[in-house]
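Data block below; observations after.
What follows draws every value from the coordinates through simple rules; no lab data is involved. Keep in mind it's a predicted model, so treat the numbers as computed, not measured. No Cβ is skipped: glycine too gets one built from the backbone with ideal geometry, and neighbour counts run over all protein chains shown.
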Amino acid sequence: MSSSILSFFVTANPPKRLDKALSRDAPVSASLSRSRLRKLIEQGVVRVDGSVATHIDASVSEGQLVEIMIPEIKDIDNFPENIPLNIVYEDDYLIVVNKPVGMVVHPAPGSPNKTLVNALLHHCGDTLSGVGGSKRPGIVHRIDKDTSGLLVSAKSDFAHQFLARQFENHSVERSYQALCFGVPDANDPRLRGVKGVSFEAGNILKVTTNLARHRTNRQKQAVLFGAGRHAITRVRVLENYGSLSSLALIECRLETGRTHQIRVHLAHVGHSLVGDPLYGGRRKIPSKSFSEHIVQEIISFPRQALHAASLGFVHPKSNETLHFEAPLPDDMGDLIKKLS
């Protein structure tokens, strides 16, 4: 396996820790994240003034020569597949796609191929400079198989880490559109009594809970208040449908991005999503709200009616704020037309 040597000097006032100093001074063109640099230090391929550095918390001084032997980027086991992609934006650093319903993001034992990763490996090819030492797309966030919409993937370690930090500090703008049962409203006394629920100006429903894997059904997430990971969802009603306001088109904005967050939060407050097989339950629709035909259309909707409609973030190279939108997919759009 071939490798290359990256050389540079430590500049003035270096951070106290070696990994932080290298992260600051390594050329941006090398696309080396701090986590990647830590691994290289641990592998013994980093030298400072000719001596091997083995501790990430070692100190360095201005003017010292750093040499890093960077191993050749490895191909990952997943194989490229020529699967059409709806590409919203692409450059040398990242790609934004509008994922269709039914596509899994990452290969897994039950879905080893025909995933977004397989499609990106084929489409991006040699433009992938390596993420974490492997030639693979750096997918920073996920959406469920049967949720459609926008997703960004990095092409380099540098871009991956830059985007990941934005997701970690909740500065990424994400909004979803969904069809739910009932209409979330601040005037509903039932909602006022649900733990974790509050309302903000403009009739914005705010759900604040913790989420963790369900104790008995490992496919589900559960709402908790003493354990689990913090999760906040905000919900705004866009339209309501039916003579008895039996359904609503809502906009959901995520402050955090936990597994199934929107689906479990809406179920928690009694407004589960149309078609949701895990959290929807059996919902009775008042016969006076819609015709029998429309009721059957709602009941038989084949997936959770959830779409990642907008995505905004700061570009890793230009520092420009990018914003993208994706229209509702045909199945949701067709159902809404029938409801209107």
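For HIS230 paired with GLU292, estimate the spin-label separation in nm (one decimal), with each label point 7 Å from Cα along the Cα-to-Cβ line.
5.2
By how many nm would the segment from GLN219 to LEU238 grow when fully extended, if each residue of separation counts as 0.36 nm and the alpha-carbon distance is taken off? The partial results should precede the final answer.
Numbers: separation 19, 0.36 × 19 = 6.84 nm, distance 3.00 nm.
3.8 nm is the gain from fully extending GLN219 to LEU238.
Given the convex hull over the Cα atoms of the range 186-340, what projected area results after averaging over all orientations, in nm²? Please report the intermediate quantities before stating the final value.
Working: hull surface 45.3 nm².
That works out to 11.3 nm².
Taking the Cβ-Cβ separation of GLU168 and LYS20 as r and a Förster radius of 22 Å, what is the calculated FRET efficiency to the nearest 0.05? Walk me through the numbers before you get to the answer.
Values: r = 17 Å, r/R0 = 0.77.
Using R0 = 22 Å, I get an efficiency of 0.85.
Based on other C-beta atoms within 10 Å, arrange CYS180, CYS124, CYS252 from fewest to most.
On the way: CYS180 28, CYS124 19, CYS252 25.
Ordered from fewest to most neighbouring Cβ atoms within 10 Å, CYS180, CYS124, CYS252 come out as CYS124, CYS252, CYS180.
For the range 263-306, list residues with backbone N below 14 Å from a point placed 7 Å from the Cα of ALA108 toward its Cβ?
278
From the mean inverse distance of alpha carbon pairs (Kirkwood) and the Cα radius of gyration, derive Rg over Rh for the chain.
Working: Rg = 23.7 Å, Rh = 22.5 Å.
My calculation puts Rg/Rh at 1.06.
Normalising by the residue count of the chain, find the relative contact order in percent from Cα pairs under 8 Å and 6+ residues apart.
14
What is the distance in Å between the Cα centroid of the range 303-334 and that of the range 137-183?
Here the answer is 9 Å between Cα centres.
Sort 151-163, 321-333 by packing, meaning the average of other beta carbons within 10 Å per residue, with the highest value first. Mind dumping the intermediate values first?
Numbers: 151-163: 24.1, 321-333: 15.0.
Going from most to least packed, we get 151-163, 321-333.
Output needed for the range 3-71: three equivalent-ellipsoid semi-axes, defined as square roots of 5 times the C-alpha gyration tensor eigenvalues, in descending order, whole Å. Display every interim value, and only then the final one.
Numbers: eigenvalues 48, 32, 28 Å².
Calculated on Cα positions only, the semi-axes equal 15, 13, 12 Å.
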